1. Which whole-number percentage describes the relative contact order of the chain, with Cα contacts under 8 Å and a sequence gap of 6 or more?
2. Would you mind working out the magnitude of the charge dipole of region 120-195 relative to its Cα centre, with +1 at each Lys and Arg C-beta and -1 at each Asp and Glu C-beta, to the nearest 20 Debye?
3. Label Arg214 and Ala44 with points 7 Å out from Cα along Cα→Cβ: what is the distance between them in nm?
4. Report, to the nearest whole %, how much of the accessible area of the chain belongs to carbon and sulfur atoms, 1.4 Å probe, protein only.
5. Along the charge dipole of the chain, Cβ charges K/R +1 and D/E -1, which of Thr97, Leu146, Asn113 sits furthest on the positive end?
6. Find which of Ser172, Ser84, Ile62 sits farthest along the positive direction of the dipole of the chain, computed with +1 on the beta-carbon of Lys and Arg, -1 on that of Asp and Glu, about the Cα centre.
7. Roughly what % of Cα-Cα distances in the chain sit above 22 Å, to the whole percent?
8. Quick one: longest stretch of the chain between exposed loop GluC sites (Glu not before Pro), exposed meaning at most 10 other C-beta atoms within 10 Å and loop per DSSP?
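The values are calculated or read from the model by the stated rules, or taken from the named source; none is laboratory data. What you see is a predicted model, and the numbers here were worked out from it, not measured in a lab. Cβ coordinates were reconstructed from backbone atoms using ideal geometry, including for glycine residues, and neighbour counts include every protein chain displayed. Side chains included, ligands, DNA and RNA excluded: accessible areas come from the protein's heavy atoms. Shrake-Rupley method; radii C 1.70, N 1.55, O 1.52, S 1.80 Å.
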Amino acid sequence: MMTKDQSLQLLLDLIEQVKTAETDDFFALAKIAGLNPLQDFSEANLSGIDLRSKNMAKADLIEATLVGASLISTNFTEARLISSNLAHANLTDATLTGATLINADLSGAILVNATLDSANLTGAILTDAKLSYADVRRSTMTSADLNGTKLSETNLSYANLRRAHLINSDLSGASLYGADLSGADLRGAILSDTDFVGANVERTRFNEPRWFSREAKRDLIQRGAIFEA
């Protein structure tokens, strides 16, 4: 059985191997350290890491910190990112289909053209994030904070946005076809050419009637929307 001193020396040797490795590739360094990159990094601090185009499908990154990480075109399909911190990370073209991002912090993150189809973003923070042209169909964003978020030309059809905060967000050209916006707050949002066909707008709050024709506003009110002065 290894003594305490021997265990410490083994750890120090391992740290030295990682420090002197002639690579900065995350998967290669994890292998040197004897770690599984998909299973052994929950709660880890991976701020600024470069995982561009890596396959992180089904990775366990619960409560991990990836602030400012480069995650362009990274595959996070069905990854677990519950309570993770992805603030200001670059997720352009990333795939997060079926990913779990409950209570995750994505404030200021770039998710342009990203795929979040069927992702769970319940309670997530996406203030000032950029999701233009993203595919967020059938996602769950209940009580998510999307204040100031850019969602222009974003596909949010059939998304669950119940009680979501979308104050001052940009939804110009976005599709909310069949989405559930009950109790959501869209005051101050840019709604030019936004598609609300089939959306549940019961108790949805608006305060910018200028985006709607008289007929469209009347239709929304009849469906339960609230227009505040």
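1. On the way: 710 pairs, mean separation 20.0, N = 229.
RCO, the chain: 9 percent.
2. Details: 7 positive and 9 negative charges, 40 e Å.
Rounded to the nearest 20 debye, it is 200 debye.
3. 6.2 nm
4. On the way: 5350 of 11210 Å².
Exposed carbon and sulfur together represent 48 percent of the surface.
5. Final value for the positive-end residue is Leu146.
6. The Cα lying farthest towards the positive end belongs to Ser172.
7. Numbers: 13701 of 26106 pairs.
Of all Cα-Cα pairs in the chain, 52 percent lie more than 22 Å apart.
8. Numbers: sites that count: Glu22, Glu228.
The reported range is 23-227.
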